[in-house]
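Remarks on the structure that follows.
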Amino acid sequence: MRISLNWLKAYVDVALPPEELARRLTLAGLEVSGVERLGEGIGDVVVAQILEKGPHPNADRLSLCRVTDGTDVHHIVCGATNMGAGDKVALARVGVKLPGGVEIRKAKIRGQASSGMLCSERELGLGEDHAGILILPPETPVGQPVVDALGLPDGVLEVELTPNRGDCLSVVGVAREVAALTGAPLRVPEPRFAEAGPPVEDQTSVEIRDPDLCHRYAARVVRGVRLAPSPAWLRQRLRSAGVRAINNVVDVTNYVLLELGHPLHAFDLHRLAGERIVVQRARPGQRFVTLDGQERVLDGESLVICDAEQPVALAGIMGGLNSEVQDDTVDLLLESAYFLPTNIRATSKKLGLRTEASYRFERGTDVEGLRRALDRAAELIVELAGGAVARGVWDAYPTRHERRRVPLRFSKVDGVLGVAVAPDEVAGRLESLGLAVVRRDEAGLEAEVPPHRVDLEREIDLIEEVARLRGYDTIPATLPTVPMTCDPAPARVGLADRTRDALASLGLWEAITLSFVDPEEDARLGVPEDSPLRRKVALANPLSRETAVLRTCLLPGLLRTAGLNARRQNRDVRLFEVGRTYHPHAGEREPLPREILRAGGVLTGRRWPLAWWAGAEAVDFFDVKGLVEELLRRLGVPAPRFEPAPNLPWLHPGRAAQVLAGKGGEVLGWVGEIHPDRREAYELPAPTLAFELDLEAVARASGQPGHFPGVERFPVVERDLALVMDRDTPAQAVLDAVASVDAPLVRRACLFDVFEGGRLPPGKVSLAVRLVYRSDERTLTEEEVAAVEGVILRRLEERVGARLRDT
């Protein structure tokens, strides 16, 4: 908002230089983004009168003017068309330098001599209007310096306000702040005018049909006005605020809006059907033409001002074309109202229509100050346009506003600011802003908030007022005392971190993929229709179809990432991700989805990096199986088991396993080779291996750290068994059969070789198992080992049909 210092000084004495005043206001929360000086550099420009205007003989768009400055007559070539003989204008004579460094010289323009320049607002540095030259009021003396005629020089502060400070959207509002900061008295104009004629109740009426949107509506009738240009002082004040002057009546409503911060509207009384006002909601789909000539389509929540037949204004935003003040207007109805801020904001946004009025109504206006604004406008209209104000005012006030009272503790002020503030100073600061201290004792006070301060609601708001008026620079800078505690990380976070560390140390790179996936991803992955993985949590407002649901497994994101790497010629990929999957609950008692922490990985390419000592073998099932075994070992899962995976269609049959742990065989996840069809769908090289683990199940299966068993005192005995069995027998069944023997001397059993073909019968396979025997009490004898081995061989034959291979 632009605030003229000359205008500001009409309400408060300002002794500070403009820059210092700008600094003080900024520190108090009213940021001044710039200081503009009007009238500098135009001291030699004078008022002149056009004696004669005629066409240029050699140019259609130029005219020849003969003007006088009261002493000499000047012949000037001018390109503007908005002036005529008799007009008072701003003349820059030969030798004058204008703002921007332009020096006026004698010149010939299309063969005609020109000894001066008639200036526009922009050329004088007074505004941006360049459509025509500046026309001064008829009563302006010829030969007077333009700066004197316009009340210059002047300074203009460009004030940037936060949305909660609607009370400062006026010159008086800023003057109130200056008075509070400097201690100078505030002078608010008190309207004075005579009333005459019949009472207003006999000439019009106001009906508020929707008091929830219009809390108060006041109106006055002024008869016998005469529209004319506004005087120079009024035009200059509007110009300094960036508002174009129109006529004395419209200019007065704009002037009062800028002066007091309350929007007004003037209707032509005789263009109101029934000469009455009805405030109500619009009909859905109702069409209305505003003053800018645009037709607006309204909805059922838009508030309109109507006469007896139709809308005549869009409440709080803009008047209607059908009731505007025109050149033949003689009788006025002046409106001053309070509209619900949220409704004005919603209507303005829906229609894309922002005005000075809506800007103020959206932030909350002074429900009690609207009468002052109405009377001030009536006073100025009578002064500048003549006429008489009808006796009385129609004031409909169905939704009463009570003044808010806010308690304040002096101890709280000291505690928040960190500095002791005397109670008298606290009360004085608040009273300087117009707050009334209605109660005060040793502990604190209670302040009554004036209606123009809609932002003051709580105790902390009052403390902020004291702080900013006192000066934030008076508050000492101290570091707060904060007790430092180190809370242990949640178990889920610790498990995720350990998993990431383990997988990274095993040579995998971490990937982070989107939790949002395409609903069609299940079909691409081959997930069965009846699988729980098909049940997704849908987003209410997805960015696109490809991100419309939340993932139920990590595999699709990892496969897409591996495929992207493969398309870019990076075929040796080892990726992992630790993240959450999201699953809807079966019932409606739990509205939020169930989140499961998982770890997944994808491996493609060569088993070893390119090196002279490494072969070119590709990774296979046993690489990813061994990786999962090592990961689970580091996470504390004892002896995980691998069994054939049932119904996982994205994995290759016979090269897939589910991972189990514990005596109950809780499923921890799966591991295997990606099915060729799925591999082609993601454009992946062959083979591609993957795994996915439920880390919450892993946490349940993790055992407690054991005790150190001590140093082995006696030697171990190792025996290798070459066992022949059916090819379809899982290796895990062989190890389980060995473990089922109650033999404390057997300390470890591991598979170390697989053989097929040769002299083995078709359908048979030979597995080599190494058994490790040891006693904590003595060195074992051959007989003791043989006895236990015999029991194990019998158990293997019983359980899996395994026999010693005939060498």
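The values are calculated or read from the model by the stated rules, or taken from the named source; none is laboratory data. Every value quoted in this text rests on a predicted model; they were computed, and no experiment measured them. So basically every Cβ, Gly included, is an ideal-geometry build from the backbone, and we count neighbours across all protein chains shown. Accessible surface areas use protein heavy atoms only, side chains included; no ligands, DNA or RNA. Shrake-Rupley method; radii C 1.70, N 1.55, O 1.52, S 1.80 Å.
On a 0 to 90 degree scale, rounded to 10, what angle separates helix 18-27 from the longest Cα axis of the chain?
40 degrees
Taking each pair of different alpha-carbon atoms in region 10-146 once, compute 1/r for the pair, average those values, and report the inverse of that mean as the Kirkwood hydrodynamic radius in Å to one decimal.
Values: mean 1/r = 0.0600 Å⁻¹.
About 16.7 Å, per the Kirkwood formula over Cα pairs.
If I fit a long axis through the Cα atoms of helix 370-385 and take the longest principal axis of the Cα atoms of the chain, what angle between them do I get, 0 to 90°, rounded to 10?
In the chain, helix 370-385 runs at an angle near 40 degrees to the longest axis.
Between residue 610 and residue 791, what is the label-point separation in nm under the 7 Å Cα-to-beta-carbon projection?
With each label placed 7 Å out from Cα toward Cβ, I get 5.6 nm.
Based on the Cβ-Cβ distance from residue 395 to residue 309, what FRET efficiency comes out when R0 is 22 Å, to the nearest 0.05?
For R0 = 22 Å, the calculated efficiency reads 0.35.
Taking 0.36 nm per residue of sequence separation and subtracting the Cα-Cα distance, how much length would be gained by fully extending the chain between residue 475 and residue 160, in nm to one decimal? Could the numbers behind the result be given before it?
Details: separation 315, 0.36 × 315 = 113.40 nm, distance 2.42 nm.
Length gained, residue 475 through residue 160: 111.0 nm.
Over region 452-564, how many percent of alpha carbon pairs lie in each 5 Å bin up to the one with the longest distance?
2, 8, 11, 10, 9, 9, 7, 5, 7, 9, 9, 8, 3, 1, 0
Taking K and R as +1 and D and E as -1, what net charge do the other residues with C-beta under 11 Å from the C-beta of residue 392 add up to?
On the way: positive: 220, 391; negative: 195, 201, 202, 395.
After counting each charged neighbour, the total is -2.
Under a point spin-label approximation (7 Å from Cα along Cα-to-Cβ), what is the residue 806-residue 128 distance to one decimal in nm?
Placing both labels 7 Å along Cα→Cβ, they lie 10.4 nm apart.
Here are several values of mean projected area of the Cα convex hull in nm²: [x] 59.2; [y] 30.4; [z] 38.2. Which one was derived from the coordinates shown?
So the structure-derived entry is [x].
In whole angstrom, how far apart do the alpha carbon centroids of region 711-790 and region 543-581 sit?
42 Å
What does a probe at residue 58 reach in region 90-115, counting residues whose amide N is under 14 Å from the point 7 Å along Cα→Cβ?
Taking a point 7 Å out along Cα→Cβ of residue 58, the residues of region 90-115 whose backbone N falls under 14 Å are 107-114.
What percentage of the solvent-accessible surface of region 753-803, computed with a 1.4 Å probe over protein heavy atoms, is contributed by carbon and sulfur atoms? Please list the in-between numbers first.
On the way: 1450 of 3030 Å².
So the carbon and sulfur contribution to the accessible surface is 48 percent.
Per residue, how much accessible area does the chain show when a 1.4 Å probe rolls over the protein heavy atoms, in square angstrom? Display every interim value, and only then the final one.
On the way: 40040 Å² over 807 residues.
Accessible area per residue: 50 Å².
To the nearest 0.05, how large is the calculated FRET efficiency for residue 531 and residue 617 if R₀ is 45 Å and r is the Cβ-Cβ distance?
Values: r = 34 Å, r/R0 = 0.75.
Using R0 = 45 Å, I get an efficiency of 0.85.
Give the residue list of trypsin sites (Lys or Arg not before Pro) in region 748-784 that are DSSP loop and have at most 10 other beta-carbon atoms within 10 angstrom.
Those that pass, being in a loop and sparsely packed, are 759, 778.
Expressed as a whole number of Å, what is the distance separating the alpha-carbon centroids of region 214-279 and region 497-538?
Centre-to-centre distance over Cα atoms comes out at 66 Å.
For region 425-527, which GluC sites (Glu not before Pro) are both in a DSSP coil and crowded by at most 16 other Cβ atoms within 10 Å? It would help to have the intermediate numbers written out before the result.
Numbers: sites: 425, 431, 442, 446, 448, 457, 459, 464, 465, 510, 520, 521; in loops: 442, 457, 520.
Filter output for region 425-527: 442, 457, 520.
Estimate the FRET efficiency between residue 567 and residue 81 by the formula 1/(1 + (r/R0)^6), using the beta-carbon distance for r and 60 Å for R0, to the nearest 0.05. Don't skip to the answer; put the middle values down first.
Numbers: r = 67 Å, r/R0 = 1.12.
Taking R0 as 60 Å, the efficiency between residue 567 and residue 81 is 0.35.
Kirkwood Rh, region 86-170, all Cα pairs: how many Å? If you can, show how the numbers build up before the last one.
On the way: mean 1/r = 0.0646 Å⁻¹.
In region 86-170 this quantity evaluates to 15.5 Å.
In degrees between 0 and 90, to the nearest 10, how far off the longest principal axis of the chain does helix 491-505 point, with axes built from Cα atoms?
Value to nearest ten degrees: 70.
Can you tally the net charge around residue 317? Count Lys and Arg as +1, Asp and Glu as -1, for every other residue whose Cβ sits under 15 Å from the Cβ of residue 317.
On the way: positive: 281, 296, 345, 349, 350, 354, 360, 363; negative: 292, 295, 299, 301, 324, 335, 356, 362.
Local net charge: 0.
Over region 1-115, what relative contact order in percent results from Cα pairs under 8 Å that are six or more residues apart? If you can, show how the numbers build up before the last one.
On the way: 155 pairs, mean separation 23.5, N = 115.
Taking the mean separation of contacting Cα pairs over the length of region 1-115, I get 20 percent.
Would you work out if region 733-807 is rounded, prolate or oblate? Take a ≥ b ≥ c from the square roots of the eigenvalues of the alpha-carbon gyration tensor; rounded if a/c is under 1.5, else prolate when a/b is larger than b/c, oblate otherwise. Please list the in-between numbers first.
Details: a/c = 2.24, a/b = 2.01, b/c = 1.11.
The shape class here is prolate.
Using a cut-off of 24 Å between alpha-carbon atoms, which lysines can reach residue 625, once sequence neighbours fewer than 8 places away in the same chain are excluded?
Here the lysines satisfying the reach criterion relative to residue 625 are 663, 764.
If I model a spin label at residue 677 and residue 520 as a point 7 Å from the Cα along the Cα→Cβ vector, what separation in nanometres do I get?
1.8 nm
Classify region 192-238 as rounded, prolate or oblate, taking a ≥ b ≥ c as the square roots of the eigenvalues of its Cα gyration tensor: rounded when a/c is under 1.5, otherwise prolate if a/b is larger than b/c and oblate if not.
Values: a/c = 3.01, a/b = 1.52, b/c = 1.98.
Verdict is oblate for region 192-238.
Test of understanding: what is the full-extension gain from residue 349 to residue 207, defined as 0.36 nm times their sequence separation minus their Cα-Cα distance?
Length gained between residue 349 and residue 207: 48.5 nm.
Give, as ranges by residue number, the residues of region 707-745 whose backbone N falls under 20 Å from the point 7 Å along Cα→Cβ of residue 752.
712, 714-725, 731-739, 745
Below 8 Å, C-alpha to C-alpha, sequence gap of six or more: please give me the relative contact order for the chain in percent. Working shown, then result.
Details: 1591 pairs, mean separation 65.7, N = 807.
Rounded, it is 8 percent for the chain.
How high is the relative contact order of region 400-520, in percent, with contacts defined as C-alpha pairs under 8 Å that are six or more residues apart?
Details: 97 pairs, mean separation 28.9, N = 121.
Relative contact order here is 24 percent.
At most 10 other Cβ atoms within 10 Å and a DSSP loop assignment: could you name the trypsin sites (Lys or Arg not before Pro) in region 545-633 that fit? Don't skip to the end; give the middle numbers.
Values: sites: 545, 551, 560, 567, 568, 571, 574, 580, 589, 594, 598, 606, 607, 625, 633; in loops: 551, 568, 571, 589, 607.
Qualifying residues, ordered by number: 568, 589.
Strictly greater than 12 Å: what percent of every Cα pair in region 616-670 meets that?
Details: 990 of 1485 pairs.
Cα-Cα pairs in region 616-670 separated by more than 12 Å: 67 percent.
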